[in-house]
Amino acid sequence: MLAQFEVHYIEPWEHIHGLLPGRVAEEEIVALRQFHMPLSRVRAVVASFSEDVLDCLRANGLVEQLGLALLNPRQLTDFDRDVINLLRNRPRLPIFLIHDASLFGSLMVTILRKEWELTPQHRIIDLGLHPRHVQRLRLPWRKLQPSRAWLQLFEWQASVPNGLKLTKAEQKWLRKGYETSVLFIPPARLIKVVTKAVERAALKRATVAVEQTVPKQMVDPETQAQTKARSVGFMTWPS
């Protein structure tokens with residue numbers, strides 16, 4: 001449906017008036033996809049089955065600003081496979097997942113943990129969409145016939161303690177086959193959510209590192225603040 005809208009409405013308009021404000025040319029997108037952070041500078045990994053979501057993060061400079069590696073599990077490149085190997089060796093490197101509010105999306109943690117051979121020690125943070133986000137933001141939704149295979153995996157996951165971070169109402173919504181595309185999230189909100197999540201994870205990681213290396217009673221508050229600041233990209237931190 002989105003592709004048809006672009007063909008019938010956007011492309012004719014742009015043919016006359018040029019690119020829509022805020023829209024990135026296809027040539028620029030191709031160039032952005034070819035840029036990767038060196039593995040030594042990757043601070044977090046963002047995975048999504050939506051290439052448009054990843055392109056939004058690329059186009060707004062989050063790869064460099066936050067030290068991100070962006071992966072689409074459906075289209076893994078050689079660099080992506082190197083990132084997965086990095087994750088296996090560094091379980092504390094945070095992995096953020098972005099997906100549709102759907103039965104399949106709710107299983108993304110389980111699917112990728114198995115496909116990428118990750119352990120329970122790996123830090124996987126599911127940013128959604130979740131059904132609660134759909135209801136809170138009043139996003140549109142549609143109803144499809146859920147796949148029997150995904151439904152069986154969902155029921156198994158729901159039966160495991162802490163297997164699904166969803167309420168009973170959310171689980172019921174997903175069982176009925178309701179879903180909402182993550183593309184309904186405005187770019188500004190997506191950027192804000194990812195930025196805050198990455199910085200929060202970096203602060204937590206820095207705090208743990210300080211507490212593990214220095215006895216708590218010996219930690220100088222200013223030194224601890226400086227460590228946290230550097231972890232999120234600041235060179236200095238006010239007293």
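The values are calculated or read from the model by the stated rules, or taken from the named source; none is laboratory data. Since the structure is predicted, the reported quantities are computational estimates derived from the model, not experimental observations. We place every Cβ from the backbone using ideal geometry, glycine too, and count neighbours over all the protein chains shown. Just so you know, the surface numbers come from the protein's heavy atoms only, side chains and all, with ligands and any DNA or RNA stripped out. Shrake-Rupley method; radii C 1.70, N 1.55, O 1.52, S 1.80 Å.
Just one of Ser231, Ser159, Ser181 is open to solvent by 50 Å² or more (accessible area, probe 1.4 Å) and either small (Gly, Ala, Ser) or at pLDDT 90 or above (or both); which is it?
After applying the criteria, what remains is Ser159.
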Specify which of the listed residues (Leu174, Leu166) is touching a helix residue (DSSP H, G or I) at 6+ places or on another chain (Cβ under 6 Å), hydrophobic (A, V, I, L, M, F, W, C) and modelled with pLDDT of 90 or more. Leu174
Just to confirm my filter: which helices (runs of 4 or more DSSP H) fall fully inside segment 29-127 and include at least 1 residues that are closer than 20 Å to Val194 by Cβ and without any contact (Cβ under 8 Å) to a residue 60 or more places away in the chain? 51-59, 62-66, 78-89, 108-115
Any idea which of (1) of a type in the set (Val, Ile, Thr); (2) over 28 Å from Ser147 (Cα atoms); (3) at pLDDT 95 or above is the one Ile29 doesn't satisfy? (3)
Among (1) of a type in the set (Val, Ile, Thr); (2) in contact (Cβ under 8 Å) with a residue 12 or more places away in the chain; (3) out of contact with any strand residue (DSSP E or B) (no Cβ under 7 Å at 6 or more places or on another chain), Val160 falls short only on (2)
Of all residues in segment 184-207 being without any contact (Cβ under 8 Å) to a residue 24 or more places away in the chain and either open to solvent by less than 70 Å² (accessible area, probe 1.4 Å) or not in a helix (DSSP H, G or I) (or both), which is farthest from Val53 (Cα to Cα)? Thr207
Restricting the search to segment 131-150, which residues are under 21 Å from Glu51 (Cβ atoms) and either touching a Pro at 6+ places or on another chain (Cβ under 6 Å) or open to solvent by less than 30 Å² (accessible area, probe 1.4 Å) (or both)? Leu139
Can you find even one residue in segment 113-124 that is touching a helix residue (DSSP H, G or I) at 6+ places or on another chain (Cβ under 9 Å), open to solvent by 50 Å² or more (accessible area, probe 1.4 Å) and over 25 Å from Val83 (Cβ atoms)? no
